[in-house]
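*Asks:* Can you keep this structure in mind? I'll have questions shortly.
The values are calculated or read from the model by the stated rules, or taken from the named source; none is laboratory data. Remember, predicted model here, so these are calculated numbers, not experimental data. So basically every Cβ, Gly included, is an ideal-geometry build from the backbone, and we count neighbours across all protein chains shown. In case anyone asks, the SASA skips ligands and DNA or RNA and just uses the protein heavy atoms, side chains included. Shrake-Rupley method; radii C 1.70, N 1.55, O 1.52, S 1.80 Å.
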Amino acid sequence: MITISSSDIIKKPSYVTRPEEITFVEDMKKHVIKSVVLPYELYERVREKIEDEMYLMRNAKALGEDAYDEFSQIEEAVEDLE
């Protein structure tokens, strides 16, 4: 795993276009990681989980904390059955 800044992407675009490992993109002013670049093969393995989490993040206010907790418990039960 490597950590780069957005200016590093300009200097060496292969960090993003052909990542060989997980790459973290850091906001150098705040020293906070803002993005992650995954190799496509890894993304294919975790795609469904990422999409589920993105859906939950976008709809967090609509779900509310109680509904989110219930959904998380149901999701874990379903995963156990698979």
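*Asks:* Which residue pairs have Cβ atoms closer than 8 Å, lie 6 or more positions apart in sequence or on different chains, and pair a first residue in segment 31-45 that is more than 11 Å from ILE4 (Cα to Cα) with a second residue that is among the aliphatic types (A, V, I, L, M)?
*Replies:* LEU38/ILE22; LEU38/VAL46; PRO39/ILE22; LEU42/ILE22; TYR43/ILE50
*Asks:* Sticking with this one: For segment 26-60, give me each residue that is among the hydroxyl-bearing types (Ser, Thr, Tyr) and open to solvent by less than 80 Å² (accessible area, probe 1.4 Å).
*Replies:* SER35, TYR43
*Asks:* Restrict the check to segment 35-56 and report whether at least one residue is in contact with a strand residue (DSSP E or B) (Cβ under 7 Å, 6 or more places away or on another chain) and of a type in the set (A, V, I, L, M).
*Replies:* Checked against the condition, which is being in contact with a strand residue (DSSP E or B) (Cβ under 7 Å, 6 or more places away or on another chain) and of a type in the set (A, V, I, L, M), segment 35-56 yields at least one hit.
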